[in-house]
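Here is the structure we will look at, set down as structure tokens.
The values are calculated or read from the model by the stated rules, or taken from the named source; none is laboratory data. These figures come from a predicted structure and were not determined experimentally. Cβ sites come from the backbone with ideal geometry, for glycine too, and all protein chains shown count toward neighbours. These accessible areas exclude ligands, DNA and RNA; they are computed on the full protein's heavy atoms, side chains included. Shrake-Rupley method; radii C 1.70, N 1.55, O 1.52, S 1.80 Å.
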Amino acid sequence: MHKRNEIQPVAFMAPRYKKAIEVQKVLREQLILKRVAGKISTVAGADVSYDKHGDSFFAGVVVYKLGKQLEKIEEATAHGRIRFPYIPGLLSFREAPILLKAFKKLKNDPDVILFDGQGIAHPRHFGLASHMGLILDRRAIGCAKSRLVGEFRCVKNVVGAYSKLFYQHEAVGAVLRTKVNTNPIFVSPGHKVNLALAIHIALATCRGYRIPEPVRHAHLLVNRVRKEQIK
DNA sequence: GCGACAG
DNA sequence: ATCTTGTCGC
């Protein structure tokens with residue numbers, strides 16, 4: 001008997017997965033869920049693309065200067081072998097290594113990073129954006145295309161409208177309308193930001209598409225690189 | 001036992 | 001996530 005969103009009964013999981021879950025529980029204690037002071041002038045987006053044959057993938061990061069017009073100032077990619085299966089709730093153990101490899105090539109250190117996944121809107125309040133933000137010691141925000149946990153009400157069909165995402169009686173994120181007549185996205189604080197700033201940054205970096213520009217371009221970048229490298 | 005389940 | 005062309009709708 002499992003409550004909704006009680007993903008992966010730990011008792012039946014392989015030891016390495018149980019260990020991963022314990023790691024998340026320990027690391028989440030170090031998360032900073034308040035807005036950290038400091039100017040935000042550069043924003044990065046990161047994403048991963050999987051090789052068709054399933055044993056390798058690519059990570060990409062794109063850095064933008066924040067302004068009226070977003071100006072791309074740097075991008076980096078990395079290639080690596082997949083060492084961990086996809087298990088809802090344990091995505092960071094699969095994607096963090098390759099993402100870190102790409103971040104190491106970066107010369108700039110962005111003031112905030114947007115990730116293609118959840119922040120604290122997660123069974124243990126420690127999704128990909130939280131994990132990466134903590135490791136990189138950067139502000140991080142989760143921008144997912146679908147729900148992992150939580151309940152929410154309908155979102156008005158107006159850009160900027162949102163409803164809070166509740167999980168265990170706590171607002172862990174927002175279901176945000178970034179484009180009319182289009183499904184909303186799931187924004188949640190990852191690290192060193194609060195929900196209000198997470199929503200603000202996500203909206204401020206949207207340019208007419210559902211996905212915030214940094215993540216959208218990181219997505220395009222990795223897909224382009226993957227298709228070229230396969231040849 | 002069934003349904004839910006980021007990418 | 002990925003395999004994939006056209007097609008319906010704003």
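Structure notes:
- Using C-alpha pairs below 8 Å separated by at least 6 residues, the relative contact order for segment A:114-174 is 29 percent.
- A:CYS143 contributes about 0 Å² of solvent-accessible surface, heavy atoms of the protein only, 1.4 Å probe.
- A 1.4 Å probe, protein heavy atoms only, puts the accessible area of A:GLU95 near 20 Å².
- Annotation: amide H of A:LEU165 within the under-5 Å range of A:VAL172, A:GLY173, A:ALA174, A:VAL175, sequence separation 5 or more or interchain, hydrogens built in the peptide plane.
- Pairs beyond 19 Å (Cα-Cα), from A:LYS156/A:LYS179; A:LYS65/A:LYS156; A:LYS179/A:LYS227; A:LYS65/A:LYS107; A:LYS39/A:LYS65; A:LYS72/A:LYS192: A:LYS65/A:LYS156; A:LYS179/A:LYS227; A:LYS72/A:LYS192
- By definition, a body whose alpha carbon gyration tensor gives a ≥ b ≥ c is rounded when a/c is under 1.5, and chain A falls into this rounded group.
- Solvent-accessible surface ranking, highest first, for A:HIS122, A:HIS79 at 1.4 angstrom: A:HIS79, A:HIS122
- Accessible surface, per residue, of segment A:55-165 when the full set of protein chains is kept, probe 1.4 Å, Å²: 45 Å²
- Residues considered: A:LEU220, A:LEU195, A:LEU176. Largest GNM mean-square fluctuation over chain A, using C-alpha springs under 10 Å, is found at A:LEU220.
- Apportionment of accessible area to carbon and sulfur, chain A, percent (1.4 Å): 52 percent
- Candidates A:GLY54, A:GLY117, A:GLY173, ranked by Gaussian network fluctuation over chain A, Cα under 10 Å, top entry: A:GLY54
- Only helices reaching 15 angstrom along their own axis (Cα) with mean Kyte-Doolittle hydropathy no lower than -0.5 count here, and for the DSSP H runs of chain A these are A:91-104.
- Taking trypsin sites (Lys or Arg not before Pro) across segment A:63-142, the ones in a DSSP loop with at most 16 further Cβ atoms lying within 10 angstrom of their Cβ are A:LYS68, A:ARG83, A:LYS105, A:LYS107.
- Projecting the Cα atoms of A:ALA144, A:ILE201, A:GLY160 onto the dipole axis of segment A:76-205, where Lys and Arg carry +1 and Asp and Glu carry -1 at the beta carbon, places A:ALA144 farthest toward the positive end.
- Relative contact order of segment A:162-231: 21 percent, from C-alpha pairs under 8 Å at least 6 residues apart in sequence.
- Accessible area per residue in Å² at 1.4 Å probe, computed on segment A:189-228: 39 Å²
- GNM top mover of A:ASP111, A:ASP47, A:ASP55 - chain A, alpha-carbon springs below 10 Å: A:ASP55
- Cβ charges +1 (Lys, Arg) and -1 (Asp, Glu), total dipole of chain A, debye: 200 debye
- Under conditions of 20 °C and 1.002 mPa s, segment A:106-171 yields 165 µm² s⁻¹ as its translational diffusion coefficient, taking Rh as the Kirkwood radius over Cα pairs in the Stokes-Einstein equation.
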